[in-house]
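What follows draws every value from the coordinates through simple rules; no lab data is involved. Bear in mind that the values here come from a model prediction, so they are computed numbers and not experimental data. We place every Cβ from the backbone using ideal geometry, glycine too, and count neighbours over all the protein chains shown.
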């Protein structure tokens with residue numbers, strides 16, 4: 001072989017090596033478009049996850065809401081999904097129902113109404129979704145299965161939708177069945193019928209907020225059921241779907257996803273699934289659990305929100321990386337845009353999606369997240385490789401005439417630990433209908449014709465601070481904006497502001513445990529009701545509270561210190577629990593279940609009388625007083641070493657609390 005031929009082969013070889021890192025990707029709409037984009041959202045609830053947000057003072061509360069919902073500012077969310085409160089523990093706490101009892105309707109309980117209105121105020125076009133996790137006990141007639149009485153369950157859910165409109169002018173656009181539980185085809189059909197009969201034909205049904213199967217197969221086999229269901233919603237699908245779901249031709253949503261600690265790896269998880277849910281699974285909406293980590297961090301799944309707001313007492317909040325990763329999509333697309341058919345994986349790892357509004361606008365989102373820097377809490381992530389690469393994009397069809405694209409970039413920079421998120425770069429000039437990017441590992445790019453994107457900011461919030469060591473609440477709120485007292489986090493039962501209209505004494509305004517029946521549960525509620533408050537690191541403290549029992553025969557109430565568990569683990573919570581009972585006795589236990597007794601005796605307490613309880617825990621000893629008189633002087637407490645303060649009742653029973661106070665060392 002002569003030297004000229006050798007040069008030709010060598011040149012071809014070197015060119016082929018180079019082209020391994022300069023793959024060309026075509027963005028074209030001439031052969032039709034893909035599925036219609038439905039939006040990116042966040043989920044408030046599914047466990048009282050926005051509980052502390054409502055207690056923030058202004059301007060910090062509004063700033064947090066702006067980062068979540070304000071268009072072209074932060075996450076700019078398209079969707080807000082909320083829990084239809086059912087009075088039961090649903091991950092990190094309980095959310096109150098609009099109907100504690102069959103003849104009771106109150107559409108001002110809880111904070112989800114307020115949150116939906118605040119979201120709507122910022123984005124009038126936001127999509128609103130409701131989904132039950134649990135139901136009041138009367139819905140199931142004592143059974144833990146709401147489908148046994150489908151007409152009652154359907155009416156209960158429809159009443160919530162009607163109440164949203166009547167009392168808050170909120171249009172709920174989608175409603176689900178029962179979170180992560182088996183669905184019932186008869187109930188779904190009856191829910192559709194009840195919605196239509198109530199003038200809510202516009203409200204669409206999502207099913208089943210669990211797995212793709214068996215709902216997808218049921219829709220293929222049952223035409224009436226298929227007509228009732230508009231969207232198949234799956235939870236934590238791992239970016240993939242199943243053939244039966246695709247065959248239904250329904251909208252496919254990841255109706256709950258992410259659920260991951262919101263550090264940089266959490267941001268990487270969110271970046272990867274926002275793209276690949278469509279690339280791999282043709283999902284047109286992705287909803288994060290949860291919206292904002294606004295609950296005590298020591299509860300289950302601490303800091304799993306798109307941002308963190310868990311210190312209303314200090315005003316501190318943190319705008320975490322998932323906010324800006326969300327912005328890469330939400331600020332440059334809108335529901336109703338359409339995915340191109342030309343989307344997919346990058347040759348050296350990562351993915352790209354492209355969307356258009358059909359009027360000449362184009363947005364391309366690219367992610368190159370590596371495996372270890374994009375792990376979600378669930379499901380397990382198979383191994384894959386991502387390496388640096390050059391990627392050339394060729395614009396064809398109606399995009400061929402585009403001359404410039406705005407560029408936004410996020411770099412996680414795990415090696416240097418100096419990330420930069422949602423940075424606006426110099427616009428990219430398009431030559432001959434194409435452009436090339438040098439893509440490093442763990443980056444997100446948005447290239448777009450949309451010019452309105454911006455990285456919103458506020459002055460730094462106050463510094464982080466521990467919960468106050470001295471805390472008091474007399475519950476004397478004449479016109480409470482919310483039904484819950486600030487900073488109390490109900491774990492079983494519902495504690496609400498209450499007015500004693502017939503009492504002219506010192507206890508007119510109180511906090512009352514309102515449930516008398518176990519709800520249709522979703523998680524493991526305790527047999528006792530309990531609401532926790534304060535600093536989980538508290539060790540030595542004094543808790544005082546006035547208590548009032550309303551059940552003559554079996555009433556019991558407690559105050560507690562060092563409560564070490566909440567959420568779905570509440571049944572096994574330990575601490576120091578000081579109980580008094582309507583039969584004239586008291587007990588000190590080392591657990592919420594009351595099985596480990598540290599002290600007990602006579603108290604003289606009865607129902608329908610106010611008593612002042614005081615519990616002091618210091619080191620390994622606990623002492624308690626009733627109306628200022630010692631009931632016991634020294635009970636040995638070996639564990640736990642620290643935990644929250646709490647109040648609660650012996651069972652699901654009416655009881656009142658007043659003049660609560662904590663003094664911690």
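For a quick protection proxy, order the peptides 433-445, 237-249 by their average other-Cβ count within 10 Å, most packed first.
Values: 433-445: 19.3, 237-249: 17.1.
Top of the packing list down: 433-445, 237-249.
What is the spin-label model distance, in nm, from residue 182 to residue 108 if the labels are put 7 Å beyond Cα along the C-beta direction?
According to this spin-label approximation, the distance is 4.1 nm.
Give me Rg over Rh for region 587-649, both radii from the alpha carbons and Rh done the Kirkwood way, two decimal places.
0.95
Can you give the FRET efficiency to the nearest 0.05 for residue 101 and residue 247, using r as the Cβ-Cβ distance and R₀ = 45 Å?
With R0 = 45 Å, the Cβ-Cβ based efficiency is 0.55.
Starting from the coordinates of the alpha-carbon atoms of region 422-476, obtain the Kirkwood hydrodynamic radius over all distinct pairs and give the value in Å to one decimal.
Working: mean 1/r = 0.0582 Å⁻¹.
17.2 Å is the Kirkwood radius here.
Helix-only estimate, please: 222 nm mean residue ellipticity of the chain, summing -39500 (n - 2.57) across DSSP H runs of length 4 or more and dividing by its residues, to the nearest 500.
Working: 10 runs with 116 residues, N = 665.
Rounded to the nearest 500, the figure is -5500 deg cm²/dmol.
Rounded to two decimals, what ratio of Rg to Rh does region 151-238 give with C-alpha atoms and a Kirkwood Rh? Walk me through the numbers before you get to the answer.
On the way: Rg = 13.0 Å, Rh = 13.3 Å.
So for region 151-238, dividing Rg by the Kirkwood Rh gives 0.98.
For region 465-530 and region 386-434, what is the centre-to-centre distance using only Cα atoms, to the nearest Å?
Cα centroid of region 465-530 versus Cα centroid of region 386-434: 52 Å apart.
For the chain, find the longest principal axis of its Cα atoms and tell me its angle to the long axis of helix 60-69, 0 to 90°, nearest 10.
40
Dimensions of region 478-588 along principal axes (Cα, Å, largest first)?
Principal extents (largest minus smallest coordinate, Cα): 39, 36, 34 Å.
Between residue 606 and residue 196, what is the label-to-label distance in nm when each label sits 7 Å out along the Cα-to-Cβ direction?
Those two pseudo-labels are separated by 6.0 nm.
Could you rank the peptides 126-138, 591-603, 109-121 by their average count of other C-beta atoms within 10 Å per residue, with the highest value first?
126-138, 109-121, 591-603
Any chance you could run the full-extension gain for residue 383 through residue 240? It's 0.36 nm times the residue separation minus the Cα-Cα distance, nm to one decimal. Intermediate results must be reported in sequence, preceding the final value.
On the way: separation 143, 0.36 × 143 = 51.48 nm, distance 1.51 nm.
That works out to 50.0 nm of additional length.
Rounded if a/c is under 1.5, else prolate if a/b beats b/c, else oblate: with a ≥ b ≥ c from the C-alpha gyration tensor eigenvalues square-rooted, which is region 24-137? Write out the running numbers ahead of the final one.
Numbers: a/c = 2.69, a/b = 1.69, b/c = 1.59.
It comes out prolate by the Cα gyration axes.
Using all Cα-Cα distances in region 470-664, what percent lands in each 10 angstrom bin from 0 up to the longest?
10, 40, 39, 11, 0
In nm, what is the difference between 0.36 nm times the number of residues separating residue 429 and residue 398 and their Cα-Cα distance?
Details: separation 31, 0.36 × 31 = 11.16 nm, distance 1.71 nm.
Length gained, residue 429 through residue 398: 9.5 nm.
Along the Cα-to-C-beta direction of residue 220, a point sits 7 Å from the Cα; which residues of region 237-256 have their amide N less than 19 Å from that point?
The answer is 240-253.
Where does helix 112-122 land angle-wise versus the long Cα axis of the chain, in degrees 0 to 90, nearest 10?
The answer is roughly 40 degrees.
Using the alpha carbons of the chain, what is the convex hull volume per residue in cubic angstrom, as a whole number? Walk me through the intermediate numbers first.
Numbers: hull volume 118.0 nm³, N = 665.
That works out to 177 Å³ per residue.
Between region 282-332 and region 225-279, what is the C-alpha centre distance in whole Å?
18
By average Cβ neighbour count within 10 Å, what is the ranking of 90-100, 147-157 from highest down?
Values: 90-100: 26.9, 147-157: 19.1.
Top of the packing list down: 90-100, 147-157.
Enter the Cα centre distance for the pair region 38-71 and region 121-197, rounded to the nearest angstrom.
23
I want to check the label-to-label distance for residue 470 and residue 167. Put each point 7 Å from Cα in the C-beta direction and report it in nm to one decimal.
3.8
What do you get for the angle between helix 150-168 and the principal long axis of the chain? Use alpha-carbon atoms, 0 to 90 degrees, nearest ten.
The answer is roughly 80 degrees.
How much length is gained if the chain between residue 539 and residue 504 is pulled fully straight, taking 0.36 nm per residue apart and subtracting their Cα-Cα distance, in nm to one decimal? Please list the in-between numbers first.
Details: separation 35, 0.36 × 35 = 12.60 nm, distance 3.76 nm.
That pair, residue 539 and residue 504, stretches by 8.8 nm at full extension.
Give me the one-decimal Kirkwood hydrodynamic radius in Å for region 162-304, with the sum taken over alpha-carbon pairs. The partial results should precede the final answer.
Details: mean 1/r = 0.0611 Å⁻¹.
Here the Kirkwood hydrodynamic radius works out to 16.4 Å.
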